[in-house]
2 protein chains.
Amino acid sequence: MVEQPKKRSRRGRTPAAAGRTSRPRQAEVARLAGVSQATVSLVLSDKTQGSAISDETRQRVLDAARSLGYVPDPAAQRLAAARNNLLGVFSFTATFPTDVQHSYYPFLVGVEQEAAARGYDLVLFTGSSSGGAGASRPDALSRVRLADGCLFLGRHAPVAELKRMVADGFPVVHLGRRDELEGLPWVGADYVSASGEVVGHLAALGHRRIVLVREDDDAPASTDRQQGFLEGLEAARLPGGPEAVFRSADPEGDLTPERLRHWLAEGVTAFVAEETDTGAAWHALCRAVDAAGLTCPDDLSLALLGSPPGDLVASPQATGFDIPRPELGAAAVRLLAARVAGEEADEPLVACVFRPGTTTGRPPEQR
Amino acid sequence: MVEQPKKRSRRGRTPAAAGRTSRPRQAEVARLAGVSQATVSLVLSDKTQGSAISDETRQRVLDAARSLGYVPDPAAQRLAAARNNLLGVFSFTATFPTDVQHSYYPFLVGVEQEAAARGYDLVLFTGSSSGGAGASRPDALSRVRLADGCLFLGRHAPVAELKRMVADGFPVVHLGRRDELEGLPWVGADYVSASGEVVGHLAALGHRRIVLVREDDDAPASTDRQQGFLEGLEAARLPGGPEAVFRSADPEGDLTPERLRHWLAEGVTAFVAEETDTGAAWHALCRAVDAAGLTCPDDLSLALLGSPPGDLVASPQATGFDIPRPELGAAAVRLLAARVAGEEADEPLVACVFRPGTTTGRPPEQR
DNA sequence: ACGCATTACTGATACGCATAAACGACGTGC
DNA sequence: GCACGTCGTTTATGCGTATCAGTAATGCGT
């Protein structure tokens, strides 16, 4: 027998990667333990079903692996297993914007946790940011297929591309309601119930006439809130109808102190505003109250169907509800993981959390 | 010739992964373009050297790839070529913690940008969080080898595992100074200079006795600040020595108003606190000043060697310095990219930015 | 003593890609 | 007209692991 000093270097790896003192392979463990590579794989993957391994062999392999400091190569494992335990996260704005308040950050908190808990790692794809490799090219989206499935955030997901992925059977989940695209799974928050609950709270305090201030936008998030608002009125046997909703394309301009006083004179004692990304409705409401020289909750009650805009978080805490964003993120990951696993799972709407706040009280005449 | 309906299913894939209309392989692109798989690989890897490909073929392949939505499998790439344009980001705490202020988030802003600019995608590996799959197992770290290289954040990186990666030649960079591990490349902020600069600022205002309040922790970030503080005193020819440093395991308990008055009586006119993740030193200092009924900067000057904790950002802006976290993140990516490319590059310390703030002024007797 | 399970393991192969080597077709020089 | 180079492409092979299909070796019933 002749010594074979053949090392492992037949291939012209890039000079860059040269010199790597490569770590041990299963084959080396096998040699040391006096078994075959397949046996090493069996022992280390700890598959009890199917093939049996004698305790003695198992121990020899384990010892050999330990003494060599064997660590499996994840790339090879994933290749062989035909999946890579990667979930994509695609947002159409920078994933890490400088302004944390209005970013997707809170969602990611939950996404990360749930993904980690399920043994997935996250690949971040950024739609807009960067000018680097393959950033804004039309095929930027196809890059996500490198993951086992992908989560989409943001309103501006290109429908065509998404539809294609769905059609291809690529597991995809959208964070936020998305009904217009048939077959696109999504998770969303239960704005309807939460809005109804806020109305219920006001009704319980004694308010009999309540007005919803909303913007002129038919996003699902807006219509859901209005629906919940109206249902809440109905449940409390309060007057609903068109005059209970003030819809304006420019609330900050239209919601004058005069108008506010007019409502009060008519017996309206409470107002609720929808939450939008600009927070215009809530801003307008607060400003009008201020301008009219009124104080809240003494003269009237205010509630916000969502979380306050970044610049108003510090002001008196608004009564309303919080969207459990981390929980939403987690729910999205659960759904995505299920689809990656080939299940047809469905996630229910995520419930919002009522926030008592300090902007509501009994109506003036009852104080 | 007989039709061969052999599909791709000879292997007993886990039932879980069944049903997937699996994404296209190079082989399928090749078939569509009427060329061999190798040609597809050549075209897509855009290797201009060595083999030449006719423009016509190249175009056919590119078209086919696009129409099928082909995306390379990172695991296979990594296995075959030892690279896949993926950079890992490994943190030993959740990467997206609930408390944004003291998270790694600001670093990631820079990391993401720089990575995108260089054509890398990011894979987030989460070390500690979760209790789920393979979280705290000893080989949890080995997953990162799926990427071309990995960035590590956090103080608690397991030395043994890191050492091993370094020894194996796996490109690794630590964000934050890490001297104790021979050969571990890192990027860090120049706390020494920045701290010295803050002391210089105080000295220039006329302060002659300055005390550093720090916690009982020997992290590099702490010792650097102390060193800079002492060097700053020396440069200003002010008294240094042990009594210039107040070190306490529980600053909030130990830093009593009495102690504060005692210092003032002894002629101390300014205090600087180190920044830590808890912000305990700064909290304690602010509280003691408050409790002693003193006002700042009238009765004494305060400075913070870093950024204020999240709950105190709104209070009077602290004199001190800001750590350019995004820039640090970007620098780390640059270093990592260089190492992935096999270069022995080195990134200099990143300079911190002096923040004038409003908590310092001339000492009382000079006002 | 023979068939037939069962146990304990090995050999071979595929995962998807990159790359060295081989190859045919086509000039080009002499 | 023949060796030789060049171009464009294909063939063959390996990366490290998981798994399936075998194959000896042993046990067991009849």
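Within the stretch A:314-345, being in contact (Cβ under 8 Å) with a residue 40 or more places away in the chain and not in a helix (DSSP H, G or I) holds for A:Pro316, A:Gln317, A:Ala318, A:Thr319, A:Gly320, A:Phe321, A:Ile323, A:Pro324. Looking across the stretch A:144-166, the residues that are surrounded by 15 or more Cβ atoms within 10 Å (Cβ to Cβ) and not in a helix (DSSP H, G or I) come down to A:Ala147, A:Asp148, A:Gly149, A:Cys150, A:Leu151, A:Phe152, A:Leu153, A:Gly154, A:Ala157.
Checking each residue in the stretch A:315-367 for being of a type in the set (Asp, Glu) and open to solvent by 60 Å² or more (accessible area, probe 1.4 Å) picks out A:Glu327, A:Glu343, A:Glu344, A:Asp346, A:Glu365. Of the candidates B:Val40, B:Val35, B:Val100, B:Val71, the single residue that is at pLDDT below 65 and of a type in the set (A, V, I, L, M, F, W, C) is B:Val100.
Please work out which residue is farthest from the other protein chains (Cβ to nearest Cβ), limiting yourself to the stretch A:70-90 and to residues that are closer than 30 Å to A:Leu175 by Cα and within 13 Å of DNA strand C (Cβ to nearest atom). Don't jump to the end; show me each part of the working.
Initially, the stretch A:70-90 is screened for residues closer than 30 Å to A:Leu175 by Cα, giving A:74-75, A:78-79, A:81-90.
From what's left, within 13 Å of DNA strand C (Cβ to nearest atom): A:74-75, A:78-79, A:81-84.
On the way: A:Pro74: 4, A:Ala75: 4, A:Arg78: 4, A:Leu79: 4, A:Ala81: 8, A:Ala82: 6, A:Arg83: 6, A:Asn84: 5 Å.
Looking at residues that are closer than 30 Å to A:Leu175 by Cα and within 13 Å of DNA strand C (Cβ to nearest atom), I get A:Ala81.
With respect to A:Ala52, determine if the residue is open to solvent by 50 Å² or more (accessible area, probe 1.4 Å), part of a loop (DSSP other than H, G, I, E, B), of a type in the set (Gly, Ala, Ser) and modelled with pLDDT of 70 or more. Against the criterion (open to solvent by 50 Å² or more (accessible area, probe 1.4 Å), part of a loop (DSSP other than H, G, I, E, B), of a type in the set (Gly, Ala, Ser) and modelled with pLDDT of 70 or more), A:Ala52 qualifies. The residues in the stretch A:179-208 that are in contact with a Leu (Cβ under 7 Å, 6 or more places away or on another chain) and of a type in the set (D, E, K, R) can be counted, and the count is 2.
Hey, can you tell me all the residues within the stretch B:58-77 that are open to solvent by 30 Å² or more (accessible area, probe 1.4 Å) and within 16 Å of A:Pro74 (Cβ to Cβ)? Can you show your working first?
Quick first cut of the stretch B:58-77, residues open to solvent by 30 Å² or more (accessible area, probe 1.4 Å) only: B:58-60, B:62-63, B:66-68, B:70, B:72-73, B:76-77.
Selection gives B:Asp73, B:Ala76, B:Gln77.
Taking into account only those residues within the stretch A:50-69 that are over 27 Å from B:Leu146 (Cβ atoms) and of a type outside the set (Gly, Ala, Ser), which is farthest from DNA strand C (Cβ to nearest atom)? The extreme case among them is A:Asp63.
Please determine whether any residue of the stretch B:167-188 is within 14 Å of chain A (Cβ to nearest Cβ), under 22 Å from B:Gly88 (Cβ atoms) and assigned to a helix (DSSP H, G or I). The answer is yes, given that some residue of the stretch B:167-188 is within 14 Å of chain A (Cβ to nearest Cβ), under 22 Å from B:Gly88 (Cβ atoms) and assigned to a helix (DSSP H, G or I). Quick one: is A:Thr358 modelled with pLDDT under 90 and of a type in the set (Val, Ile, Thr)? Against the criterion (modelled with pLDDT under 90 and of a type in the set (Val, Ile, Thr)), A:Thr358 does not qualify. A:Gly183 satisfies every condition listed in (1) on the phi > 0 side of the Ramachandran plot; (2) open to solvent by less than 20 Å² (accessible area, probe 1.4 Å) except (2). When residues in the stretch B:261-311 are screened for being in a helix (DSSP H, G or I) and closer than 24 Å to B:Val192 by Cα, 8 of them pass.
Residues that are open to solvent by 70 Å² or more (accessible area, probe 1.4 Å), part of a loop (DSSP other than H, G, I, E, B) and under 18 Å from B:Val289 (Cβ atoms) are absent from the stretch B:227-244 altogether. Inclusion of B:Pro309 among residues that are under 26 Å from B:Glu258 (Cα atoms), open to solvent by less than 40 Å² (accessible area, probe 1.4 Å) and at pLDDT 85 or above is not warranted.
The values are calculated or read from the model by the stated rules, or taken from the named source; none is laboratory data. Remember, it's a predicted structure, so these values are computed and weren't measured experimentally. Reconstructed Cβ throughout: ideal geometry from the backbone, glycine too, with neighbour counts over all protein chains shown. With ligands, DNA and RNA removed, areas are computed over all heavy atoms of the protein, side chains included. Shrake-Rupley method; radii C 1.70, N 1.55, O 1.52, S 1.80 Å.
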